[in-house]
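**Student:** Have a look at this one before I ask anything.
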Amino acid sequence: MKDIKVCKFGGTSMATRESINRVIDIVSADDRRKFVIVSAPGKRNKSDIKVTDQLYKIVEEQKTTGNFKESFDALKERFVSLTKELGVDFDIISELDNLEKAIANGATASYAASRGEYLSAKLLSAKTGWTFIDAKDIVRFNDCGVFDPEYTNDTAKALLQNVKGRAVIPGFYGCGADGYVKTFSRGGSDVTGSIVAGAVKASLYENWTDVSGFLVADPRIIKDPEVIETITYRELRELAYMGASVLHEDAIFPVRKEGIPINIRN
Ligand code: ADP
Ligand code: ASP
Ligand code: MG
């Protein structure tokens with residue numbers, strides 16, 4: 001596959017109709033942007049809760065008190081209004097009803113959390129017509145629950161090379177050896193993006209987020225930190241590992257293996 005860009009959009013980018021439309025504009029502006037990896041909708045404002053956090057909260061409530069109705073209704077309201085605002089023909093109610101039943105029947109936290117990315121990707125696919133590819137058909141974990149890079153790379157390569165046009169893939173999760181959904185650790189959509197970039201030998205892995213690049217410090221702590229223009233994979237890995245949470249530390253390996261540059265964009 002020639003000159004392909006893989007783009008990952010984080011939670012802020014997938015949070016509202018406006019930001020999702022911006023995602024579509026960005027992707028559409030460059031024919032090389034073929035594979036799009038998305039996170040679950042993030043915070044819409046400072047006091048908001050990320051969909052992923054809401055899903056973990058719901059599972060916790062189900063386990064401890066059995067009563068998760070109020071929290072689930074809030075989640076439902078969010079997805080139903082987003083679907084309406086986007087004006088897409090997608091049966092979000094059935095999806096959410098199934099999820100509610102699954103959680104009531106003791107679905108794992110991994111499964112529940114993964115639905116944030118799943119629904120985010122489904123909505124973007126419905127809005128754009130880009131092919132939806134489920135991450136559970138690409139990303140594999142072995143029977144010890146550890147990510148299996150060889151299996152994943154082979155499956156991803158085989159599946160992705162036949163895609164016509166653009167495709168959207170949910171980040172964060174994959175399939176365990178037991179056939180059940182399993183997630184990476186928090187922030188794992190970065191890893192999915194890197195895996196896809198490595199598998200299609202992309203020319204560039206674009207990681208779109210809410211900051212203008214990799215900065216010398218976390219802007220939540222230090223005001224207006226400078227941008228690091230270029231950084232080696234090794235240094236990036238080190239900083240990510242030490243807490244520069246703009247990129248998941250495990251997102252370095254798949255692209256480094258193929259020598260693919262990572263570009264962090266706002
Ligand atoms: P996304 O949802 O797009 O994956 P994240 O919240 O995971 O976004 O990562 C972006 C956030 O990472 C920024 O808003 C910023 O607060 C934080 N961050 C921490 N360290 C750094 C750094 N060195 N450079 C840039 N951002 C950083
Ligand atoms: N939605 C997941 C999280 O909040 C994964 C991600 O955003 O990368 O951790
Ligand atoms: Mg992140």
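**Student:** Right, residue 36: of a type outside the set (Ser, Thr, Tyr), more than 16 Å from residue 118 (Cα to Cα) and surrounded by 20 or more Cβ atoms within 10 Å (Cβ to Cβ) or not?
**Tutor:** no
**Student:** Restricting the search to region 232-266, which residues are of a type in the set (S, T, N, Q) and touching a Phe, Trp or Tyr at 6+ places or on another chain (Cβ under 9 Å)?
**Tutor:** Passing the criteria: 263, 266.
**Student:** Report, by residue number, each residue of region 1-19 that is outside any loop (DSSP other than H, G, I, E, B) and within 13 Å of ligand 3 (Cβ to nearest atom).
**Tutor:** Scanning region 1-19 gives 8, 9.
**Student:** Residues that are of a type in the set (Gly, Ala, Ser), touching a helix residue (DSSP H, G or I) at 6+ places or on another chain (Cβ under 9 Å) and without any contact (Cβ under 8 Å) to a residue 60 or more places away in the chain: does region 34-42 have at least one? Before you say what the answer is, go through the steps one by one.
**Tutor:** Taking region 34-42 first, the residues of a type in the set (Gly, Ala, Ser) are 39-40, 42.
Pick out the ones that are also touching a helix residue (DSSP H, G or I) at 6+ places or on another chain (Cβ under 9 Å) and you get 39-40, 42.
Checking the rest, the ones that are also without any contact (Cβ under 8 Å) to a residue 60 or more places away in the chain come to 42.
Yes.
**Student:** Test residue 205 against the criterion of being away from ligand 3 (no atom under 16 Å from the Cβ), among the aromatic types (Phe, Trp, Tyr) and not in a loop (DSSP other than H, G, I, E, B), and give yes or no.
**Tutor:** Working: away from ligand 3 (no atom under 16 Å from the Cβ): no; among the aromatic types (Phe, Trp, Tyr): yes; not in a loop (DSSP other than H, G, I, E, B): yes.
For residue 205, the condition - away from ligand 3 (no atom under 16 Å from the Cβ), among the aromatic types (Phe, Trp, Tyr) and not in a loop (DSSP other than H, G, I, E, B) - is not met.
**Student:** Next up: Which one of these does residue 124 not meet: (1) surrounded by fewer than 16 Cβ atoms within 10 Å (Cβ to Cβ); (2) under 23 Å from residue 35 (Cβ atoms)?
**Tutor:** With respect to (1) surrounded by fewer than 16 Cβ atoms within 10 Å (Cβ to Cβ); (2) under 23 Å from residue 35 (Cβ atoms), residue 124 is out only on (1).
**Student:** Hey, any hits in region 236-256 for a residue that's in contact with a Leu (Cβ under 7 Å, 6 or more places away or on another chain), within 13 Å of ligand 3 (Cβ to nearest atom) and at pLDDT below 95?
**Tutor:** Yes, that holds for at least one residue.
**Student:** On to the next question. What's the total number of residues in region 161-218 that are within 16 Å of ligand 2 (Cβ to nearest atom) and of a type in the set (Gly, Ala, Ser)?
**Tutor:** 9
**Student:** Next question, about the same structure. Scan 15, 29 and give me the residue that is among the small types (Gly, Ala, Ser) and over 14 Å from the mean Cα position of the chain (by Cα).
**Tutor:** 29
**Student:** Could you please tell me which pairs satisfy a Cβ distance under 8 Å, a separation of 6+ or placement on different chains, a first residue in region 165-187 that is closer than 18 Å to residue 131 by Cβ and among the β-branched types (Val, Ile, Thr), and a second residue that is assigned to a loop (DSSP other than H, G, I, E, B) and more than 16 Å from ligand 3 (Cβ to nearest atom)?
**Tutor:** That search, which allows pairs on different chains as well, returns 168/130; 168/133; 169/133; 169/134; 169/138.
**Student:** For region 154-202, give me the residue count where each residue is assigned to a helix (DSSP H, G or I), surrounded by 24 or more Cβ atoms within 10 Å (Cβ to Cβ) and either within 11 Å of ligand 3 (Cβ to nearest atom) or not small (Gly, Ala, Ser) (or both).
**Tutor:** 7
**Student:** Looking only at residues in region 20-57 that are hydrophobic (A, V, I, L, M, F, W, C) and under 19 Å from residue 173 (Cα atoms), which one is farthest from ligand 3 (Cβ to nearest atom)?
**Tutor:** 35
**Student:** Another question about this same structure. Tally up the residues in region 88-140 that are basic (Lys, Arg) and either farther than 27 Å from residue 21 by Cα or modelled with pLDDT under 95 (or both), please.
**Tutor:** So the count comes out to 2.
**Student:** In addition: Taking region 229-248, which residues are without any contact (Cβ under 8 Å) to a residue 24 or more places away in the chain and within 24 Å of residue 23 (Cα to Cα)?
**Tutor:** 229, the sole residue that qualifies.
**Student:** Taking region 123-138 as the search range and keeping residues that are farther than 11 Å from residue 159 by Cβ and assigned to a loop (DSSP other than H, G, I, E, B), which one is farthest from the chain's Cα centre (by Cα)?
**Tutor:** Once the filter is applied, the top-ranked residue is 129.
**Student:** While we're here: Taking the condition more than 18 Å from the chain's Cα centre (by Cα), away from ligand 2 (no atom under 16 Å from the Cβ) and surrounded by 14 or more Cβ atoms within 10 Å (Cβ to Cβ), does residue 236 pass?
**Tutor:** On the way: more than 18 Å from the chain's Cα centre (by Cα): yes; away from ligand 2 (no atom under 16 Å from the Cβ): yes; surrounded by 14 or more Cβ atoms within 10 Å (Cβ to Cβ): yes.
Taking the combined requirement at face value, the residue satisfies it.
**Student:** Could we say that residue 80 is within 16 Å of ligand 1 (Cβ to nearest atom) and in contact with a Leu (Cβ under 8 Å, 6 or more places away or on another chain) here?
**Tutor:** no
The values are calculated or read from the model by the stated rules, or taken from the named source; none is laboratory data. A quick note: this is a predicted structure, and the numbers were derived from the prediction, not measured. Positions of Cβ are generated from backbone atoms using ideal geometry, with glycine treated the same way; all protein chains shown enter the neighbour counts.
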